[in-house]
Amino acid sequence: MATHEINIYGDIVLFKWMNDGSEFDRADLNNAIDNLDLQEGDELIYNINTFGGCTTTACSMYNKLKRVKNEKKITLTSRADGYCASSGVILLLAGDKKIGNKYLKPFVHNAWTWAMGDKNETKKAFEELDKVDNEIAELYATETTMSKDLALQIMNESRDLTVDECLQYGFYTELENVQIVENSIIFNSINKRNSQFRNINNNNMSEKNKETQKKDLWKQIENFFSGGKASNKIMFTAENMELDFYELEEDAMPEIGSKAKFDNRPAGESNDGVYIMASGDTYTFVGEELKSIEPKVEENAFEAENIALTETVANLKTEIENLKGEKETLNKRFTEAESIIKSFKDLEAPENKEVPREPNGKEKETEVSKVKSAIGNLKKTK
């Protein structure tokens, strides 16, 4: 049995805007896990150092960690390696073992966001935030021995959990021995940053975190706890771009009518609405709505299609030759028909305008015989 270790450091975001290590998204977690050779019985330790961020992403990562644990039959160990605040606590609770220390305590608070618009819009935002609070409290109650009501009470206080509370309720299952001199620069820096986070609702949050929260605002309201869903479906294109099916749970598969965004815009507004997925399927969008799914065409299917096209061309050539033959026959019949018509006209037309003459019996018999003969020939060509 082997032990593997990954780091979840930085602001938890839906999509990364920075590549300086200050942000961490679901794709980072996927890549970190995919690079591990996990075997049954192994232990995966993931170190957490985050001030929080997007709740949607945190829950998606929570689901990913749980799924890997069940599929690989491994042990998950979470470690508060730095600050573990807000949505970072969700990640902490995914572990079978939860390691903390007495200096860095989890920070919990009510869900928050920006809202703008008329009273109806702000009321809607309030109702959505209330749903988020209840869902997070239910998660705390599921993963710890803390009741939902107590979780809501502590979240409403916006504070650190004490070490005793962490051990009592199961936010920590054990403490590691970390030696820190309390008047050191490191310890003072931690305390200063803790103070900043406690005053988050008094506008002491960094500008960077404000921008991150602005980007995640509507995603949190519209996607995350709408209908009680814990996460949204992210799918990758062949070019490793992300399509966000924000109404789908992570385990669901898109179908006609599913809605998606690309780069926070309706998917149909980019790439002409056409995306070739990593699976080889082609998705076509109009606005946010998925209008068609064309399965990947295998090489043998191309070969079969070429054979069918070749046969079709050959059949068309044969049909063209048949039509040419029919055309010649029709031209011949048309010529004979003209001859018949001319014979009738000649039979009726007077030979001399000045002295009309009635043809004698022999002449009439001869002309009638010609017409009968022509009609007989025409019938034979049918």
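Computed from the coordinates by the stated procedures, all read-outs in this text should not be read as laboratory data. For clarity, every value in this text was computed on a predicted model and none was experimentally measured. Note that we place each Cβ from the backbone using ideal geometry, even for glycine, and neighbour counts take in every protein chain shown.
Entry note, segment 234-294: relative contact order of 31 percent, from Cα contacts under 8 Å with a spacing of 6+ residues.
Each residue of segment 155-170 was assigned a 3J(HN,Hα) from its phi angle through the Karplus curve 6.51 cos²θ - 1.76 cosθ + 1.60 (θ = phi - 60°); the sequence is 4, 5, 7, 6, 8, 6, 7, 6, 4, 4, 5, 4, 6, 5, 9, x Hz, with glycine and proline shown as x.
Of the GluC sites (Glu not before Pro) in segment 24-125, which ones lie in a loop per DSSP and count no more than 16 other C-beta atoms within 10 Å? Loop-located and lightly packed - E40.
Going down the table (K73/K131; K69/K123; K16/K72; K16/K98), which pairs top 30 Å between alpha carbons? Over 30 Å Cα-Cα: K73/K131; K69/K123. Near the amide H of A252, within less than 5 Å, lie no amide hydrogens of residues on another chain or at least 5 residues away, with H placed in the peptide plane. Using only alpha carbons, segment 1-48 has a radius of gyration to Kirkwood radius ratio (Rg to Rh) of 1.04. For segment 129-144, the Karplus equation 6.51 cos²θ - 1.76 cosθ + 1.60, evaluated at θ = phi - 60°, returns couplings of 5, 5, 4, 4, 4, 5, 5, 5, 4, 5, 5, 4, 5, 6, 8, 10 Hz by residue, with Gly and Pro reported as x. Residues whose amide H falls under 5 Å from that of H4, counting only those 5 or more places apart or on a different chain, are E43, L44, I45, with hydrogens built in the peptide plane. With the Kirkwood sum run over all distinct C-alpha pairs, segment 234-294 has a hydrodynamic radius of 11.0 Å. Sorted ascending by nearby beta carbons within 10 Å, beginning with the fewest, I293, I33 become I293, I33. Of the residues I8, I307, the one with the fewest other Cβ atoms within 10 Å heads the list, and the complete ranking is I307, I8. Applying both filters, DSSP loop and at most 13 other Cβ atoms within 10 Å, to the trypsin sites (Lys or Arg not before Pro) of segment 1-82 gives K73. Could you tell me the relative contact order of segment 1-146? Use alpha-carbon pairs under 8 Å, at least six residues apart, and round to a whole percent. That works out to 20 percent.
A full extension of the chain between N134 and K327 corresponds to an added length of 61.3 nm, given 0.36 nm per residue minus the alpha carbon distance. Label-to-label distance, E239 versus E311, with points set 7 angstrom from Cα along the beta-carbon direction: 3.8 nm. Close amide H partners of G53, meaning residues 5 or more places away or on another chain with modelled amide H under 5 Å apart, are I12, S87, G88. Treating each Cα of segment 255-342 as an identical point scatterer and summing with the Debye formula, the log10 of I(q)/I(0) at q = 0.15 Å⁻¹ comes to -0.73. As a proxy for reagent exposure, ranking W112, W17 by other Cβ atoms within 10 Å from fewest up yields W17, W112. Projecting label points 7 angstrom from Cα along Cα→Cβ for Q153 and F334 puts them 10.1 nm apart.
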